[in-house]
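Enquirer: Dumping the structure here so I can ask a few things about it.
What follows draws every value from the coordinates through simple rules; no lab data is involved. It should be emphasised that the depicted structure is a prediction, and the values quoted were computed from it without experimental measurement. Reconstructed Cβ throughout: ideal geometry from the backbone, glycine too, with neighbour counts over all protein chains shown.
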Amino acid sequence: MHSAPEIKILLVDDDTFMLKILTKMLNNLGYASVSACDNGTDALTRIGQADTRPDLILLDLNMPNMDGIEFVRYLVERHFPGSLILVSGEDERMLKTAEKLVHAHQIPMLGYLHKPVSPDKLSEIINKWTPPEKQLQQESEKKAYNAPALKSAISNRELVNFYQPKVAVATGKVIGAETLVRWQHPTDGLVMPGQFIGIAEQNGLINDLTCLVLEQALLQARIWQENGIVLRVATNVSMDNLTSLDFQDLVVNLAIENGLSPQNIVLEVTESQLMDTDSRVPLEILTRLRLKRFHLSIDDFGTGHSSMAQLRDIPFDELKIDQSFVHRAWADETLRAMYDASLSMAKQLGMEVVAEGVADADDWAFLRRTGCDFAQGNFISTPLKAEDFEPWMQDWENRVHNGLIANSA
Ligand code: C2E
Ligand code: MG
Ligand code: MG
């Protein structure tokens, strides 16, 4: 049983009277650390700071500027580690749909409360809850790195590329690899990109970072090619890389230097970053790269909010369905609906589709029934060091050859 006073609760509701009532109810239940925001933007600021980050959020669905659904999307982007209760005057069906959406984003949701909220129902939901202490602890243990440290890591070439295979769903053939950067820290071990990509973007270091990642990735592609393995090698590109034409020159020159065909070089841009940009420059750079036959991929599809028209305007070759809509899509109607919609939209626009986050044999079996082109995920392989890639590939191809992969479907 947790101790109520230590739990930080945040109420988000545009109705300030509601905020007062809920605060009072929670105080009566013994929760002393309750804060309230009457809009999503202020709430996100509190969530962004370690000292004000709540363990539990009570969220109103209907709010004028940022509504509850949009708010949830931002929680996902910020990797919010806590739990959620939805509060709304909407009918049961609406609340159920919203609940499914929250689950699809893999945020623990304790339940929903109808307005007017009854103290008994509130206490019932909250008392069932055990706060994710371990997770919170891990989160706070995560070290924050500063820009000078990252800068010297880049110049000391402490960043190493890992490669995660992409395979054809129908045949199991290995068709490519996505480059995922890690920081081999001299004292902290392997640091994941979630802990430093944002810092690089915010401190003008992302060009140097991407340059190093690309250099190493294309050199690796050349080594594979010399060993008779032709793979499409993908790297992740940040929107901040696409602000000057130097980026285009970098990609073109590296391809030429390493004797690689542009078709075998894939640039992944996340959907959310793409749709948030106002400027035409990044879109122009992408279009030019596409004209030179480099492959463009839209990453984490489903987590942004692009329209069909926006997608048609930028000639993407590939769409990657975000892992939150792939893993367990076979077991959940809402995930399945998102997955199907993304797949059919991509097909209509003539794009190839990669399902990300294929984590187990059930996910793989599901993909084999749906006509998805390519798959990537821990079921196939976790991201590998360059030297482990070829041995893995041997082993995988043997398994495919012996029918082990198809049989697991
Ligand atoms: P992403 O591009 O969507 O990459 C896929 C992420 O999903 C990787 O996390 C990968 O390890 C993880 N993943 C793969 N299969 C599974 C699975 O079956 N289950 C689960 N739960 N996860 C799986 P990682 O390596 O931590 O990278 C996170 C994100 O960091 C990437 O997401 C990408 O957006 C960004 N990133 C990585 N390298 C770079 C880079 O060089 N430049 C930029 N700008 N961003 C990068
Ligand atoms: Mg990616
Ligand atoms: Mg992704």
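Enquirer: Treating each Cα of the range 13-158 as an identical point scatterer and ignoring solvent, apply the Debye formula and state log10 I(q)/I(0) at q = 0.08, 0.13 Å⁻¹.
Expert: For the requested q values the scattering log ratios are -0.26, -0.61.
Enquirer: Sticking with this structure for a sec: For an R0 of 35 angstrom, estimate the FRET efficiency from the Cβ-Cβ distance between LYS347 and ASP91 and round to the nearest 0.05.
Expert: After rounding, the FRET efficiency stands at 0.50.
Enquirer: Roughly how far apart, in whole Å, are the Cα centres of the range 42-102 and the range 160-239?
Expert: Here the answer is 33 Å between Cα centres.
Enquirer: Once both labels are modelled 7 Å past Cα along the beta-carbon direction, what's the SER244-ALA170 spacing in nm?
Expert: Modelled inter-label distance: 4.5 nm.
Enquirer: ³J(HN,Hα) across the range 320-331 via Karplus (A = 6.51, B = -1.76, C = 1.60, θ = phi - 60°), whole Hz, x for Gly/Pro?
Expert: 9, 6, 4, 4, 5, 9, 9, 5, 6, 4, 5, 10
Enquirer: Roughly speaking, what is the stretch gain from ASP67 to ASN253, that is 0.36 nm per residue apart minus the C-alpha to C-alpha distance, in nm to one decimal? Intermediate results must be reported in sequence, preceding the final value.
Expert: Details: separation 186, 0.36 × 186 = 66.96 nm, distance 4.56 nm.
Length gained, ASP67 through ASN253: 62.4 nm.
Enquirer: Working out 0.36 nm times the residue gap between LYS121 and THR16, then minus their Cα-Cα distance, what length gain in nm do you get to one decimal? Each step should come with its number before you reach the end.
Expert: Values: separation 105, 0.36 × 105 = 37.80 nm, distance 2.07 nm.
Roughly 35.7 nm would be gained on extension.
Enquirer: I'd like the antiparallel share, as a percent to the nearest 5, of DSSP beta bridges with both residues in the range 147-407.
Expert: The answer is about 45 percent antiparallel.
Enquirer: To continue, here is another question. Quick one: if you take sqrt(5λ) for each eigenvalue of the C-alpha gyration tensor of the range 1-64, what semi-axes come out, biggest first, whole angstrom?
Expert: Those come to 19, 15, 8 Å.
Enquirer: Taking the Cα centre as origin and putting +1 on Lys and Arg beta-carbons and -1 on Asp and Glu beta-carbons, what dipole magnitude results for the chain, to the nearest 20 debye?
Expert: Values: 37 positive and 57 negative charges, 83 e Å.
Charge dipole, the chain, about its Cα centre: 400 debye, nearest 20.
Enquirer: Please give every one of the lysines within straight-line cross-link reach of LYS115, meaning a C-alpha to C-alpha distance under 26 Å, and leave out same-chain neighbours fewer than 8 residues apart.
Expert: Qualifying lysines at Cα under 26 Å: LYS8, LYS20, LYS24, LYS96, LYS100, LYS128.
Enquirer: Okay, moving on. Under a plain spin-label model, where a point goes 7 Å from the Cα along Cα-to-Cβ, how far apart in nm are ASN398 and THR45?
Expert: Here the answer is 5.9 nm between the modelled labels.
Enquirer: Given 25 °C and 0.890 mPa s, how large is the Stokes-Einstein diffusion coefficient of the chain in µm²/s, with Rh as the Kirkwood radius over Cα pairs?
Expert: Diffusion coefficient, whole number: 106 µm²/s.
Enquirer: At TRP330 and LYS292, where each label point lies 7 Å from the Cα along Cα→Cβ, what is the point-to-point distance in nanometres?
Expert: Result for the modelled spin labels: 4.2 nm.
Enquirer: Please identify the helices of the chain, taking whole runs of DSSP H, that span at least 24 Å along their own axis as judged from the Cα atoms and have a mean Kyte-Doolittle score of -0.5 or higher. Show your work: numbers first, answer last.
Expert: Numbers: long enough: 206-226 (30 Å, 0.37).
Helices meeting the span and hydropathy rule in the chain are 206-226.
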